[in-house]
Amino acid sequence: MKLVLIGMMGSGKSSVGRKVAKELNWDFYDVDSEIEKEAGKKISDIFASSGELDFRSLEKNMIQNLSQKDKIVLSTGGGAPCSEENWKALSQNGLILWLKASPEKLLERIQRKPLETRPLLMQKSSPLETLSRILQTRENIYKKAEYIVETEHLTLQEVTKKIVNWVKSKE
Ligand code: S3P
């Protein structure tokens with residue numbers, strides 16, 4: 001079995017995923033970091049040099065590979081679950097969990113790092129407007145997750161505990 005964390009950028013997938021994996025004694029993988037390792041480039045450079053379509057294709061291949069693994073926590077990029085093919089691979093022997101937060105909260109967390117690391121936010125409209133718009137187009141997909149954790153008012157520790165308990169109840 002694997003645990004798959006989905007949600008918008010800034011929802012905490014990587015930090016939560018790493019902590020949950022440690023508690024469960026499972027391996028942790030972050031799809032974006034694995035893509036960066038394989039390509040030898042940052043995600044923002046892949047977007048800049050090859051465009052989003054090429055990035056989505058690397059993402060799809062990485063998801064196919066990582067989805068074969070067992071006893072892992074997998075953190076995905078915000079757009080990953082939007083492809084049906086990706087969803088299928090992720091949900092096979094996988095528990096899909098959405099880390100939910102409002103656009104305001106997402107922005108607050110995102111702003112802890114330079115915005116240049118988030119290619120989708122490098123647009124004309126304000127980051128908050130962009131986040132709201134993207135969330136709106138993805139919400140119906142994220143909602144299909146087996147478990148939704150409202151992270152808005154919870155600490156990293158509280159979110160981790162909730163998830164660990166849930167996974168243990170599923171084992
Ligand atoms: C994306 C989110 C990013 C990264 C890429 C595209 C998205 O990952 O995969 O920039 O489509 O929302 P995070 O969600 O980890 O920031």
Exercise for review: Report the residue count in region 145-171 for those that are surrounded by 13 or more Cβ atoms within 10 Å (Cβ to Cβ) and assigned to a loop (DSSP other than H, G, I, E, B).
Suggested key: 4
**Study point:** The lone exception for Ser75 - which of (1) surrounded by 20 or more Cβ atoms within 10 Å (Cβ to Cβ); (2) of a type in the set (Ser, Thr, Tyr); (3) more than 19 Å from Leu156 (Cβ to Cβ) it fails
**Key:** (3)
Revision key, fill the gap. Within region 112-134, residues being in contact (Cβ under 8 Å) with a residue 12 or more places away in the chain, open to solvent by 40 Å² or more (accessible area, probe 1.4 Å) and under 17 Å from Lys13 (Cβ atoms) number 2
Review point. Within region 78-85, is there a residue that is open to solvent by 60 Å² or more (accessible area, probe 1.4 Å) and more than 20 Å from Gly17 (Cα to Cα)?
Key: yes
Review point. Which condition does Thr137 not pass, out of (1) away from the ligand (no atom under 12 Å from the Cβ); (2) surrounded by fewer than 19 Cβ atoms within 10 Å (Cβ to Cβ), if it passes all the others?
Key: (1)
Study note, to complete from the structure: Considering residues that are in contact with a Leu (Cβ under 7 Å, 6 or more places away or on another chain) and either open to solvent by 30 Å² or more (accessible area, probe 1.4 Å) or assigned to a helix (DSSP H, G or I) (or both), the number found within region 2-19 is 5
Review point. Looking at (1) over 15 Å from the mean Cα position of the chain (by Cα); (2) away from the ligand (no atom under 12 Å from the Cβ), which is the one condition that is false for Lys2?
Key: (1)
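The values are calculated or read from the model by the stated rules, or taken from the named source; none is laboratory data. Keep in mind that what you see is a predicted model, and the values were worked out from it rather than measured. Cβ coordinates were reconstructed from backbone atoms using ideal geometry, including for glycine residues, and neighbour counts include every protein chain displayed. Surface accessibility is based on the protein's heavy atoms, side chains included, excluding ligands, DNA and RNA. Shrake-Rupley method; radii C 1.70, N 1.55, O 1.52, S 1.80 Å.
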